[in-house]
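The values are calculated or read from the model by the stated rules, or taken from the named source; none is laboratory data. Predicted, not measured: the structure shown is a model, and the values here were computed from it. Here the Cβ positions follow ideal geometry from the backbone for every residue, glycine too, while neighbour counts run over all protein chains shown.
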Amino acid sequence: MQAMIDAVIPALGDAMSTVGVKGDFWRNMLGRSKESSQGDLALPCFPFAKQLDCSPNEAASRIADALELDIGEAVAVGPYVNIRASLSWLSNQINREPQSKGSILIEHTSANPNGPFHVGRARNAVLGDTFVRMHRAAGYDVTAEYYVDDMGKQVGILCWALENLDHERVHALLDEGGISSETSPHSEKQDHARVLWYQAANLLKAQDATVDSGVTELVQLSEEANADVLNRFESSYQPVLDGMLQTLGRMGINFDSFTKESRFIVDGSVEIVMEKLQSSELHGVAENGAHYLELESKGVKGKSTQFFYRRGDGSSLYATRDLAYHQYKWTQSDRLLNILGEDHKLQSRQVGIALDELGIKPPEVVFYAFTKLADGKMSTRRGNVVYMDDLLDEAQARALETVRESKPDLSEEKLVEIAEAVGISATRFNIARISPEKGITFRWSDALSLEADSAPFIMYSYARACSIQRKAGVVDAAFEFDPNLLEGSAAALIRRLAYMDDELQTAIDSRSPHNFCAWLSALAVDYNRFYRDNYVIDDDGVNAQNLYISELAREHIRRGCEAVGIIPIEEM
């Protein structure tokens, strides 16, 4: 799009001079047309009417008549000048290498390592990884970061449970609390095994006050950088975290770096942050000796105007360590992006103000609404969850049933491979294609949909293009593509392909991965229409022009799939 605007601006400047428009304020008014059927770019002409002493419609007609373009044609439609690029110009924009756009650190997921990933937690992981993938596809140098909460209350409860409860006591507590302790198909994974201890300790905590005091003591010692406790915490949570990462890895979600919360206690950076905050004009001290920033003057209202960063005993809070963490992250990248649940909005705003007080730029943030069950919010502690391992197993099983019916001639190994790819892709896509700010009520039928506007439909389109390539071979090196011969669905497909990078960047800038998912679905539809109307292989052999277009589409569908976490398999 920017290349098109850059190409049009000089000619538009000449046209403005010809009709008598003074100044260059119009440069920022040229943008993408809201109706693609009318053109690629649109220029509203309301501001020119007074200068030209005519109606906006007449101004548009004069400018369009004076506009001489090398890249296409201009037409006045009411008070707008619509510019439509030629297929020849658009086809030359396809397959341009993305320019390097700097570095960005994207922190996502960062779930407490106290149990398996459930569907509610998975939305952060899928959205976060989709942003990682889209940024990489657009030319950014991306670091995918996991912030490990290795010293909080949740880890403290897990550690206490593993050190104080035995197998018999755990299962007795779970039975009393109505939480199933039946053996899971994934019970060999430590995230599934150890979550039972975590759940049992939470039940016992409600009956026995010594549990809470024991956990509190452990957490306090961790906040004092007690090496023994931090090592015990790590021994408790690391096997759980490893199991969680195994589940994410199955979904194609991986991380480049892991940063422990305790790091900023151990290296002293939290203490430095607290000392700096004491010199802020917002600084205050509560009756119990706790230190805080008063944020009312910064627009924070209600009961949360005080941002506490040091307890009365001198220890730090989670949010304080978050400040030190962000200070560190800025040493790792040019930009920071956090993926957070909507319940973090207030805390994120408070942290942003505190960072400003420290002279540190706040991160960019994408907030997402929660995924819940029909009867309420999911909770690892209460055991009312749908675990991702179980969802992925079910997705694969349902996909296997469908694939086996359509491809009975394939080996069982190949069928399972395809079903795994389809199940994972469908699960991810059904999360990514929904606007982040829109809540999701989990239903098995929705999560495992294999219908149109779904990952399997896109995957099938890619597999179809791969099948054509296997039969037709590669495009002859001597072939010269002639866009002037295109019409109908072939022309529509080329126009769609030309906009891929724009659609990708727009989705990134607007924090709307669901819009790129919708564009990818539309690309798959356009490709199938092209396939229906244009034979790549017919009685006369291979049509080189149609093979070239099919190969362009195949590569773009593959790139699009990888950008949203769909697995592009070559056979379905």
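Overview of values
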quantity	calculated
Breaking point among (1) at pLDDT 95 or above; (2) under 27 Å from Pro113 (Cα atoms); (3) basic (Lys, Arg), for Lys298	(2)
Flag for Ser110 being within 22 Å of Lys260 (Cα to Cα) and of a type in the set (Ser, Thr, Tyr)	yes
Qualifying helices (runs of 4 or more DSSP H) (wholly inside the stretch 47-144; at least 3 residues being touching a helix residue (DSSP H, G or I) at 6+ places or on another chain (Cβ under 7 Å))	56-66, 87-93, 119-137
The one condition in (1) under 22 Å from Gly268 (Cα atoms); (2) loosely packed, with under 13 Cβ neighbours inside 10 Å that Thr320 fails to fulfil	(2)
Scan of the stretch 145-176 for residues that are assigned to a helix (DSSP H, G or I), surrounded by fewer than 21 Cβ atoms within 10 Å (Cβ to Cβ) and among the hydrophobic types (A, V, I, L, M, F, W, C), ordered by number	Leu162, Ala172, Leu174
Lone qualifier among Ala201, Ala193 - being among the small types (Gly, Ala, Ser) and either over 33 Å from the mean Cα position of the chain (by Cα) or over 23 Å from Phe117 (Cβ atoms) (or both)	Ala201
Considering residues of the stretch 223-253 that are over 22 Å from Phe264 (Cα atoms) and among the polar types (S, T, N, Q) only, the residue surrounded by the most Cβ atoms within 10 Å (Cβ to Cβ)	Thr247
Only listed residue being within 19 Å of Tyr460 (Cβ to Cβ), of a type in the set (A, V, I, L, M) and at pLDDT 95 or above, chosen from Ile508, Ile549	Ile549
Residue among Arg96, Arg133 that alone is in contact (Cβ under 8 Å) with a residue 60 or more places away in the chain and assigned by TED's automatic domain parsing to the domain that holds Glu217	Arg133
The listed residue being part of a helix (DSSP H, G or I), over 27 Å from Ala399 (Cβ atoms) and either assigned by TED's automatic domain parsing to the domain that holds Leu547 or modelled with pLDDT under 95 (or both), out of Ile458, Ile468, Ile494	Ile494
Hits in the stretch 16-46 (condition: outside any loop (DSSP other than H, G, I, E, B) and over 32 Å from the mean Cα position of the chain (by Cα))	Met16, Ser17, Thr18, Val19, Phe25, Trp26, Arg27, Leu43, Pro44, Phe46
Among residues of the stretch 536-554, those that are part of a helix (DSSP H, G or I) and within 13 Å of Asp482 (Cα to Cα), counted	6
Which listed residue is in the same structural domain as Lys345 (by TED's automatic domain parsing) and either modelled with pLDDT of 90 or more or assigned to a strand (DSSP E or B) (or both), from Lys438, Lys372	Lys372
Residue within the stretch 20-36 that is at pLDDT 95 or above and touching a Pro at 6+ places or on another chain (Cβ under 8 Å) present	no
The stretch 194-232: number of residues that are closer than 17 Å to Arg263 by Cα and among the acidic types (Asp, Glu)	3
Residue list for the stretch 406-416, filter: over 11 Å from Met572 (Cβ atoms) and either in a helix (DSSP H, G or I) or touching a Cys at 6+ places or on another chain (Cβ under 9 Å) (or both)	Glu412, Glu413, Val416
Subset of the stretch 191-206 [surrounded by fewer than 21 Cβ atoms within 10 Å (Cβ to Cβ) and under 25 Å from Thr247 (Cα atoms)]	Ala193
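Matching residues to (1) of a type in the set (S, T, N, Q); (2) more than 23 Å from the chain's Cα centre (by Cα); (3) within 30 Å of Lys438 (Cα to Cα):
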{"position": "Leu504", "(1), (2), (3)": "no, no, yes"}
{"position": "Ala507", "(1), (2), (3)": "no, no, yes"}
{"position": "Asp526", "(1), (2), (3)": "no, yes, yes"}
{"position": "Val536", "(1), (2), (3)": "no, yes, no"}
{"position": "Asp540", "(1), (2), (3)": "no, yes, no"}
{"position": "Gln545", "(1), (2), (3)": "yes, yes, no"}
{"position": "Ile549", "(1), (2), (3)": "no, yes, no"}
{"position": "Arg559", "(1), (2), (3)": "no, no, yes"}
